[in-house]
Amino acid sequence: MAKFTTWDGLRLNYTVWEGEGVPVVLQHGIVADTNANWMSVGVVAALQRAGHHVISLDARGHGRSEKPHDPARYSWQAMAADVRALYDELGLDRVVQVGYSMGGVISLLVAAADARVERLAVGGIGSGVVDCGGIDWRVIAAEDIITAMRGDGSAARPLARMFRILADAVGSDREAIAAVAAGLNEAPLESVAEIGVPTLVLAGASDPFAAEPERLAGALPDAGLAVVPGDHLMAVADPGFARALVEFLG
């Protein structure tokens with residue numbers, strides 16, 4: 001693990017697993033971190049077995065990175081800039097960008113803006129990107145996540161309580177997560193039609209946040225689709241998720 005200072009002064013944590021080829025940069029989902037989203041479910045191990053050079057970033061507000069409680073410190077653009085700042089920090093000139101849920105939207109933004117991304121894989125998102133410009137807030141509102149992070153979380157809707165359970169399990173700073181949700185309450189993507197790099201869309205068959213993933217794949221100029229068993233939390237843990245990712249990377 002190592003830290004660097006990103007573009008606006010926050011100290012962010014990242015982890016590197018040495019390997020060969022184009023670096024694979026991982027960005028996790030909201031509430032999760034490198035361990036919860038990628039290590040504990042076997043994704044990092046699968047990439048290592050395949051010989052890949054892997055890098056994972058703990059997003060601002062998450063994991064071992066700095067966690068301000070001010071919603072103004074969080075936006076989709078800020079988090080995408082953090083990923084690009086990590087590229088700069090490590091001197092990366094070619095990258096495979098991989099993201100899940102919140103990290104999937106961040107990864108789409110990075111790929112749209114940065115020519116260093118030559119391949120892209122996004123999971124845990126679907127038609128919400130096409131219809132809502134990002135996270136599918138038709139399924140859950142930012143305010144639902146904020147409610148789930150405060151008090152004992154019992155006032156939150158059932159789907160939002162899933163994030164509270166995850167937050168408590170990974171030891172998240174719940175007030176920071178509430179600030180993240182407040183700061184990300186926007187639609188950052190007008191279109192994905194300009195993202196021309198080869199892309200893999202990964203989705204859990206029972207994930208409400210990744211409904212109709214074929215519509216997202218169809219909106220991207222050069223995308224394939226892999227659907228695995230599981231809901232939003234469990235799809236990434238299915239062995240088929242890591243297997244599809246490794247096969248995509250070749």
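The values are calculated or read from the model by the stated rules, or taken from the named source; none is laboratory data. All of these numbers come straight from a predicted model, not from anything done at the bench. Please note: Cβ atoms are built from the backbone with ideal geometry, for glycine as well, and neighbour counts cover all protein chains shown. For accessibility, only protein heavy atoms count, side chains too; no ligands or nucleic acids. Shrake-Rupley method; radii C 1.70, N 1.55, O 1.52, S 1.80 Å.
Assorted remarks:
- Looking at segment 121-233, the helices (runs of 4 or more DSSP H) lying wholly inside it that each contain 3 or more residues that are of a type outside the set (Ser, Thr, Tyr), open to solvent by 30 Å² or more (accessible area, probe 1.4 Å) and more than 19 Å from ILE106 (Cβ to Cβ) sit at 158-170, 213-219.
- Some residue of segment 21-43 being farther than 21 Å from GLY171 by Cα, free of Cβ contacts under 8 Å to residues at least 60 places away in the same chain and either within 13 Å of the chain's Cα centre (by Cα) or not in a strand (DSSP E or B) (or both): no
- Boolean, ARG94 is of a type in the set (D, E, K, R), touching a strand residue (DSSP E or B) at 6+ places or on another chain (Cβ under 6 Å), surrounded by fewer than 18 Cβ atoms within 10 Å (Cβ to Cβ) and at negative phi: yes
- Every pair of residues 6+ apart whose Cβ atoms lie under 9 Å, when the first sits in segment 168-184 and is at negative phi and of a type in the set (S, T, N, Q) while the second is modelled with pLDDT of 95 or more and open to solvent by 50 Å² or more (accessible area, probe 1.4 Å): SER172/LYS67
- Lone qualifier among ALA59, ALA45 - being at pLDDT 95 or above, touching a helix residue (DSSP H, G or I) at 6+ places or on another chain (Cβ under 7 Å) and aliphatic (A, V, I, L, M): ALA59
- Residue in segment 75-83 that is closer than 20 Å to THR199 by Cβ and among the polar types (S, T, N, Q) present: no
- Residue match in segment 238-248 (condition: in a loop (DSSP other than H, G, I, E, B) and of a type outside the set (Ser, Thr, Tyr)): yes
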